[in-house]
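The values are calculated or read from the model by the stated rules, or taken from the named source; none is laboratory data. Worth saying up front: this structure is predicted, and the values here are computed from it rather than measured. Glycine gets a Cβ as well: all are built from the backbone with ideal geometry, and neighbour counts include every protein chain shown.
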Amino acid sequence: MTLGSAFDRRSTQLPLDLVEAIEDMKRKKNAVILAHYYQDPDIQDIADVLGDSLALARAAQKTDADVIVFCGVLFMAETAKILNPRRRVFIPDLAAGCSLAEGCPADAFRAFRKSHPDHVAVTYINCSAEVKALSDIICTSSNAESIIRQIPADRPILFSPDKNLGKYIAGKTGREMLLWQGSCIVHEAFSQKTILDLKAGHPGAKLLAHPECEEPVLALADYIGSTTGILKYVLEHDDPAFIIATESNIIHQMKKAKPDTTFIALPSTADCNCNLCPHMALNTMEKVYLCLRDETPEIEMDENLRMSALKPLERMMEMSASVLAASAA
Ligand code: 13P
Ligand code: SF4
């Protein structure tokens, strides 16, 4: 992949009203802003489409805008380019990586696959384009269970790179899977002790967790699901309080929908910001504006790599029709 020019080489003279300037630039360039729920609330508020990894991939695939500004992390912007190569795809900060993607280098993954040639490689979308190209099927947290259930029972499975999601799905489906030992720095920081302390202080509060959390945290959860799943659960339940075991920026949408409900962002220890993803946080409103204005940094990808990474993504889309239909409802 070729990287675009760096943020610090650009002029940083900014307009006073960034929201208006971004809207203006969007109209002029026929651009669409796709944003993940983990983005800063200001960015969520200017997004044309807000969603989880699967919904954003689908939105990127379907858009007829000329330009996609992907407010998320690099693997998400790369996925948009793979699925819709005719659009120009920009990301506000190219350094917005992901600990799961970084913990699964393509060479090591190739060797992992080679040593298990009879296995189907199901790979979480939180990985590089190179790792996607070496995989059979991609999945996200919202379709992983459904995809694993569709794999014939006699086919052994390699699941990468998130060991926590893999273990959770193995438990749900009863399928034994060989797991790559990766994890997310944000979700693995949550502790069972903090949850028990919080539950004692907020009796009756429901714990909603992302499957990237470790098993002891998931064991206490009242609901486990993707970011969209967690948000939907909140919208459909009238409990007075929820403890949220995922990146805490998602609470912005919850508070907008239910201003009188209490939402408690799970800390791993007191006084830390570790429930914020440091990679997602690299994207700011200033960088969204500059990236639209200067048309950089852009996602560019070798066509052979793109075509190889497209196959397992298309397989995912085919196998998750019912999940996509449910999330669109
Ligand atoms: P979702 O697909 O559930 O939004 O998860 C993305 C992610 O990076 C979680 O850390
Ligand atoms: Fe990656 Fe974790 Fe950040 Fe999600 S929250 S983008 S898995 S580092």
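Of note:
- Annotation note: of 63, 79, the sole residue that is within 16 Å of ligand 2 (Cβ to nearest atom) and of a type in the set (S, T, N, Q) is 79.
- Per-region count, region 207-229, residues of a type outside the set (A, V, I, L, M, F, W, C) and more than 10 Å from ligand 1 (Cβ to nearest atom): 5
Let's see how each residue does on (1) within 29 Å of residue 230 (Cα to Cα); (2) in contact with a strand residue (DSSP E or B) (Cβ under 9 Å, 6 or more places away or on another chain):
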residue: 28; (1), (2): no, no
residue: 55; (1), (2): yes, yes
residue: 70; (1), (2): yes, yes
residue: 83; (1), (2): yes, no
residue: 100; (1), (2): yes, yes
residue: 106; (1), (2): no, no
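- Only one of the listed residues (129, 96) is within 13 Å of ligand 1 (Cβ to nearest atom) and within 26 Å of residue 280 (Cα to Cα). That residue is 96.
- The residue pairs whose first member lies in region 179-197 and is free of Cβ contacts under 8 Å to residues at least 40 places away in the same chain and farther than 25 Å from residue 113 by Cβ, whose second member is of a type in the set (A, V, I, L, M) and not in a loop (DSSP other than H, G, I, E, B), and whose beta carbons are closer than 7 Å, counting only pairs six or more residues apart or on different chains, are 192/217.
- Flag for residue 167 being touching a residue at least 12 places away in the same chain (Cβ under 8 Å) and within 16 Å of residue 265 (Cβ to Cβ): no
- Test: residue in region 172-183 that is at pLDDT 95 or above and closer than 17 Å to residue 75 by Cα: yes
- When region 147-204 is filtered for residues that are outside any helix (DSSP H, G or I), among the acidic types (Asp, Glu) and within 16 Å of ligand 2 (Cβ to nearest atom), only 162 remains.
- Qualifying residue in region 262-281 (condition: over 28 Å from residue 194 (Cβ atoms) and crowded, with 16+ Cβ neighbours inside 10 Å): no
- Residue in region 245-264 that is at pLDDT 95 or above, more than 26 Å from residue 216 (Cα to Cα), outside any loop (DSSP other than H, G, I, E, B) and within 13 Å of ligand 1 (Cβ to nearest atom) present: yes
- Qualifying positions in region 205-228 - away from ligand 2 (no atom under 16 Å from the Cβ), buried (at least 18 other Cβ atoms within 10 Å of the Cβ) and acidic (Asp, Glu): none
- Checking 118, 93 one by one, the residue that is under 18 Å from the mean Cα position of the chain (by Cα) and on the phi < 0 side of the Ramachandran plot is 93 and no other.
- Of residues in region 265-277 being within 12 Å of ligand 1 (Cβ to nearest atom) and out of contact with any Pro (no Cβ under 7 Å at 6 or more places or on another chain), the one modelled with the lowest pLDDT: 276
To keep it simple, each residue is scored yes or no on (1) over 23 Å from residue 175 (Cα atoms); (2) touching a helix residue (DSSP H, G or I) at 6+ places or on another chain (Cβ under 9 Å); (3) of a type outside the set (Gly, Ala, Ser).
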site: 100; (1), (2), (3): no, yes, yes
site: 106; (1), (2), (3): yes, yes, no
site: 109; (1), (2), (3): no, yes, yes
site: 121; (1), (2), (3): no, yes, no
site: 134; (1), (2), (3): no, yes, yes
site: 144; (1), (2), (3): no, yes, no
site: 147; (1), (2), (3): no, yes, yes
